[in-house]
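Participant: Submitted below is the structure of interest, expressed as structure tokens.
The values are calculated or read from the model by the stated rules, or taken from the named source; none is laboratory data. Because the structure is a prediction, the values reported are computed rather than measured. Quick reminder, even Gly has a Cβ in these numbers, built from the backbone with ideal geometry, and neighbours come from all protein chains shown.
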Amino acid sequence: MSPIDKRRFLFVTGKGGTGKTTVTAALAVALGAAGKRVLITVSEPKERISELLGVKPLGPEIEAVGPNIYAVKISPEAAMREYGEMILKSKTVTSAVFGNKFVRGFFAAVPGLYQWAMLGKAWFHSTETDERGRPRFDVVLFDAPATGHGLEMLRVPKVIVDIVPPGILRRDAERAWEMFQNPTESGVVVVSLPEDMPVNESLELMDAVKHELGLPIAAVVLNQLVPALFSPAERDTLAPAVVTGEDAGSVAVGAASRRATTERAQTESLAKLQKGTAAPLVELPRLLQDPSNPAAIRSLSALLAAGLRIGTPQPA
């Protein structure tokens, strides 16, 4: 499997609330520190990348947000207009077409078209070159929608390739789909929590990505783990404990029981994920400080870099 820091496009998704945007930001910092030129592309209307990196809110133009790191917020309407201008090669004609309310209504009514506009724009940036013919960015990170919507978005280029007649739309979808299927160039990063429901949803997502779509899983990140305080035997003893008293001893035992239950769930979640994927699996801790700040992102980026061997020379 190709190292994650050698791939040109990474699609980051996971169940809502698992911290996929936090992982995207930390991964960007890790890759940037390794000397990669990184572009973060955001598709959600309410982006959090700017808060995590400590910069002003993202807009439709690519801007520097850190050492070797750039970011852009993609809206489907703007992406469609930009794509139209690339095809029509005239701002005047593009304005006439996209300024027509009936045309805009038609675009909005076509299933999957806006999803492809956002994903396609993110992919396009991974193909851009500078004046010397070198890649403008070494890697593009797509901070994708949560699991269900993210999977739907990944299906769109395949549907275009399968059913759309030959033409510009299908040509570009074919190029993107070829990259997405190539494990040396692309991959899906799945973010989960050490709990039963998020892990089960992550396993279902990975099964669909791998077997239905034939896309590679680049990495799995198990987020917000707490350090183990008890041995397996102690967890088995404490976890089932039911405490009703309000004295200090009862409160302490109740707290220990809840912690043991959490630790046992973490162990079971980790075992499920290890069994369910051959992709690199990285564990990230639950931070004591607020994770929504640049200092926390730097801490997590160091752990991701170590767990995914980012910037580590690979054996010949």
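Participant: What is the residue count in region 148-182 for residues that are touching a residue at least 60 places away in the same chain (Cβ under 8 Å) and either farther than 30 Å from PRO198 by Cβ or touching a strand residue (DSSP E or B) at 6+ places or on another chain (Cβ under 6 Å) (or both)?
Facilitator: 4
Participant: I would also like to ask the following. Of all the residues that make up region 267-298, how many are among the polar types (S, T, N, Q) and without any contact (Cβ under 8 Å) to a residue 60 or more places away in the chain?
Facilitator: Matching residues across region 267-298 total 3.
Participant: Still on this model: Could you run through region 138-155 and say how many residues are under 18 Å from MET179 (Cα atoms) and surrounded by 21 or more Cβ atoms within 10 Å (Cβ to Cβ)?
Facilitator: 9
Residues are listed down the side, and each one gets a yes or a no for (1) on the phi > 0 side of the Ramachandran plot; (2) under 13 Å from the mean Cα position of the chain (by Cα):
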residue: GLY16; (1), (2): no, yes
residue: GLY35; (1), (2): yes, no
residue: VAL42; (1), (2): no, yes
residue: ILE49; (1), (2): no, yes
residue: GLY54; (1), (2): yes, no
residue: ILE62; (1), (2): no, no
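Participant: Against the definition (touching a Phe, Trp or Tyr at 6+ places or on another chain (Cβ under 9 Å) and either modelled with pLDDT of 95 or more or not hydroxyl-bearing (Ser, Thr, Tyr) (or both)), how does LYS6 come out, yes or no? Walk me through how you get there before you give the answer.
Facilitator: Values: touching a Phe, Trp or Tyr at 6+ places or on another chain (Cβ under 9 Å): no; either modelled with pLDDT of 95 or more or not hydroxyl-bearing (Ser, Thr, Tyr) (or both): yes.
It is false that LYS6 is touching a Phe, Trp or Tyr at 6+ places or on another chain (Cβ under 9 Å) and either modelled with pLDDT of 95 or more or not hydroxyl-bearing (Ser, Thr, Tyr) (or both).
Participant: Identify the residue in region 291-316 that is within 17 Å of the chain's Cα centre (by Cα) and of a type in the set (S, T, N, Q) and, among all such residues, is surrounded by the most Cβ atoms within 10 Å (Cβ to Cβ).
Facilitator: My answer is SER301.
Participant: Moving on. Please go through region 212-228 and pick out each residue that is loosely packed, with under 13 Cβ neighbours inside 10 Å and farther than 16 Å from SER269 by Cβ.
Facilitator: Within region 212-228, GLU212, GLY214 qualify.
Participant: Determine, yes or no, whether PRO183 is part of a loop (DSSP other than H, G, I, E, B), of a type outside the set (Gly, Ala, Ser) and surrounded by fewer than 16 Cβ atoms within 10 Å (Cβ to Cβ). Step through it out loud before you land on a result.
Facilitator: Numbers: part of a loop (DSSP other than H, G, I, E, B): yes; of a type outside the set (Gly, Ala, Ser): yes; surrounded by fewer than 16 Cβ atoms within 10 Å (Cβ to Cβ): yes.
So PRO183 fits the description; yes.
Participant: If you don't mind, another one. Restricting region 236-290 to residues that are in a strand (DSSP E or B) and of a type outside the set (Val, Ile, Thr), which is surrounded by the fewest Cβ atoms within 10 Å (Cβ to Cβ)?
Facilitator: PRO285
Participant: Pick from ARG298, ARG286: which is under 18 Å from LEU222 (Cβ atoms) and at pLDDT 90 or above?
Facilitator: When all the criteria are applied, what remains is ARG286.
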